[in-house]
Amino acid sequence: MCFVCGRENPIGLRMRFYADGEGCVHADYVPREEHQGFPGVMHGGLVTTMLDEIIGRTAIASDMWCMTAKLEIRFKKPVPIGAPLKLKGEIVKKSNRMLEGRGEIRLEDGTLAVEAIGTYLRIPDAQMEEYKIALGGWRVD
């Protein structure tokens, strides 16, 4: 039932994520009308949510399950409703307990619309195993 990735969540984004084999995770998405803040523009909170998720998925793809500690967003262009978006997440720095990641959303023409830098903390092993069991299908394709 994850809001971003839950494939059976009727009110969620139902995003799919793909690892490129080079340490980055990607997603394609087309925002729907119900995702707008201002007319024709995706709500900034949902944009932030997608960036948080793609950076988190990059951590998962490198087998580091973590939660967001800090996230900084820079909005450069409005994110339009109904137009294809390309998202990318990558690890900037990684230690045993912490990960710094970067995410971006590009418009159909390749223009950078939004970027994020985040700090994520590793979930303790016992809690991580509990989450993996409960989430089951939470994955990067």
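The values are calculated or read from the model by the stated rules, or taken from the named source; none is laboratory data. Please read all numbers here as calculations on a predicted model, not as lab measurements. Don't worry about glycine lacking a Cβ; one is built from the backbone with ideal geometry, like all the others, and counts go over all protein chains shown.
If you take the residues in region 113-139 that are modelled with pLDDT under 80 and of a type in the set (D, E, K, R), which one is nearest to Leu87 (Cα to Cα)?
Result: Arg139.
May I ask you to list pairs of residues, at least six apart or on different chains, whose Cβ atoms are under 7 Å apart, with the first in region 9-23 being farther than 23 Å from Ile91 by Cα and the second being among the hydrophobic types (A, V, I, L, M, F, W, C) and part of a loop (DSSP other than H, G, I, E, B)?
Asn9/Met1; Asn9/Cys2; Asn9/Phe3; Gly12/Cys2; Gly12/Phe3; Gly12/Val4; Leu13/Phe3; Leu13/Val4
Any residue at all in region 98-115 that's without any contact (Cβ under 8 Å) to a residue 12 or more places away in the chain and farther than 20 Å from Tyr18 by Cβ?
Within region 98-115 (the criterion being without any contact (Cβ under 8 Å) to a residue 12 or more places away in the chain and farther than 20 Å from Tyr18 by Cβ), the answer is yes, since at least one residue qualifies.
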